[in-house]
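I have placed the structure first, in the form of structure tokens, so that the comments after it can refer back to it.
The values are calculated or read from the model by the stated rules, or taken from the named source; none is laboratory data. Owing to the predicted nature of the structure, the values given are computational and were not obtained by experimental measurement. Backbone-built Cβ (ideal geometry, glycine too); neighbour counts: all protein chains shown. Protein only, heavy atoms only, side chains kept; ligands, DNA and RNA dropped before computing areas. Shrake-Rupley method; radii C 1.70, N 1.55, O 1.52, S 1.80 Å.
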Amino acid sequence: MSMPEERGLLLPWIEALPPYVPGRPAEASSGLVPVKLSSNENPYAPLPSVIEAAVAALQAVNRYPDPQAAELVQGLATLCGVAPENVAVGPGSVALLQQLAQVTSSVGDEVLFAWRSFEAYPLVTVLNGATPVTVPLTDHEEHDLDEMARRISERTSLILLCTPNNPTGTALAAAAFHRFMESVPTNVLVVIDEAYAEFVRGSHFIDGLREWRAYPNVAVLRTFSKAYGLAGLRLGYVIGHQDLINSLRRSTVPFTVPSITQAAAIESLRQRQQLLARVESIVEERTRVLEALADLGLNVEPSQANFVWIRLGARHQAFLDACHEAALAVRPYGDEGVRITIGEPQENNRFLGVVADFMADPQST
Ligand SMILES: *Cc1c(COP(=O)(O)O)cnc(C)c1O
């Protein structure tokens, strides 16, 4: 008779998690001010009125925040043209992603997503004991929805679609999504992760807020970390059908969204036009950067987000060294490619300068 294996202190899938590897920060070198283009942050400081709202909320942090975040949820409902019952908020969209996995997926279930895509996807899958099923991107760095449809199985519990895709910047076409959804059983939750929705330009791309109503099993995930520039305050939201939203509300620990965050976000919604004007200038910079990269001879897919993705093959490490030398923090993915966030114009010029020197230097090829 074989003895059952002895129970360890930690769950086996937690023990198996890869160690966290922090990114290499930009270092001041040769008198250059370090530039950070590695985390897809908004380069602009919060608006003065947003800071004022946050500071005012700080005066009352001896009290718990509103557990329902009622005013914020109402503001988001108005923004998205939905009822408050269709909105859930959480401390960053990654926390909501974890919750979405938690309410749908467990041991024996499969979570399906493209790869490369957002690095949190394998993590939230494995944290729930579920199994990641990944489908490589196409040659044009896009989701391969046909192959993803083929990989749906009876064990599939959750599908994560990242559009625009982090780290490649490619966005899903609405028509392709509609076709894909014909293959998805209604007991599989499809999450459209639109962290970069505000940066998308082009009417044929998917807009989750237009899509979710037509499908009982679709939810949309958005964030205040990118377009709204509140990454440090941690706020994300889900738009979805009432049953799913209820499940998120029931399964969360209380008081996850701090009062300071709620206040800053409510004020940000009031100042939305100003914030969207900043987004527009980042989009203009994106166009300029993409054109400059093409002029420099790099073959880069058009990005719909606030970053660009470049593959340099054998020259990958040499390029990272050149960025480091120029006190420029970028985000490498293994030896596959590099993601560079669009920053303010002079920051982008630092990046373009590195690329220009790099492409002109035969030693680097
Ligand atoms: C940045 C990002 C998020 C946002 O995460 P927060 O937790 O809201 O800061 C979510 N999804 C993707 C794909 C992202 O790139």
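The residue list 157, 203, 153 contains one member that is farther than 26 Å from residue 268 by Cβ and either within 12 Å of the ligand (Cβ to nearest atom) or surrounded by fewer than 16 Cβ atoms within 10 Å (Cβ to Cβ) (or both), which is 153.
Scanning the stretch 327-341 for residues that are part of a loop (DSSP other than H, G, I, E, B) and over 14 Å from residue 167 (Cα atoms) yields a single hit, 327. I need every pair where a residue in the stretch 301-312 that is farther than 13 Å from residue 285 by Cα has its Cβ under 7 Å from the Cβ of a residue that is part of a strand (DSSP E or B) and among the charged types (D, E, K, R), sequence separation at least 6 or different chains. Note: pairs meeting the criteria are 309/339.
Got a sec? Which of 135, 111 is in contact with a strand residue (DSSP E or B) (Cβ under 6 Å, 6 or more places away or on another chain), away from the ligand (no atom under 16 Å from the Cβ), closer than 23 Å to residue 184 by Cα and not in a loop (DSSP other than H, G, I, E, B)? Unique residue meeting the criteria: 135.
So in the stretch 173-194, with the set limited to residues that are open to solvent by 10 Å² or more (accessible area, probe 1.4 Å) and of a type in the set (A, V, I, L, M), which one is nearest to the ligand (Cβ to nearest atom)? Looking at residues that are open to solvent by 10 Å² or more (accessible area, probe 1.4 Å) and of a type in the set (A, V, I, L, M), I get 189.
Taking the criterion of being within 20 Å of the chain's Cα centre (by Cα) and assigned to a helix (DSSP H, G or I), the only residue of the stretch 36-76 that qualifies is 76. Of the residues making up the stretch 54-63, those that are open to solvent by 70 Å² or more (accessible area, probe 1.4 Å) and in contact with a Ser or Thr (Cβ under 8 Å, 6 or more places away or on another chain) are 61, 63.
Within the stretch 342-365, the residues that satisfy the criterion of being in a helix (DSSP H, G or I) and among the β-branched types (Val, Ile, Thr) are 354, 355. Of the residues making up the stretch 313-365, those that are open to solvent by less than 60 Å² (accessible area, probe 1.4 Å) and touching a residue at least 24 places away in the same chain (Cβ under 8 Å) number 33. Taken over the stretch 129-146, the criterion of being open to solvent by 30 Å² or more (accessible area, probe 1.4 Å) and over 26 Å from residue 331 (Cβ atoms) is satisfied by 131, 146. Among helices (runs of 4 or more DSSP H) entirely within the stretch 207-296, having at least 1 residues that are surrounded by 15 or more Cβ atoms within 10 Å (Cβ to Cβ) and within 17 Å of the chain's Cα centre (by Cα) singles out 208-211, 272-295. Within the stretch 25-53, restricting attention to residues that are hydrophobic (A, V, I, L, M, F, W, C) and within 19 Å of residue 234 (Cβ to Cβ), which residue is surrounded by the fewest Cβ atoms within 10 Å (Cβ to Cβ)? Out of the qualifying residues, it is 45.
For the stretch 74-93, the criterion of being farther than 14 Å from residue 160 by Cα, open to solvent by 20 Å² or more (accessible area, probe 1.4 Å), touching a residue at least 12 places away in the same chain (Cβ under 8 Å) and within 15 Å of the ligand (Cβ to nearest atom) is satisfied by at least one residue. Checking each residue in the stretch 262-299 for being of a type in the set (S, T, N, Q) and at pLDDT 95 or above picks out 262, 268, 271, 273, 274, 281, 287.
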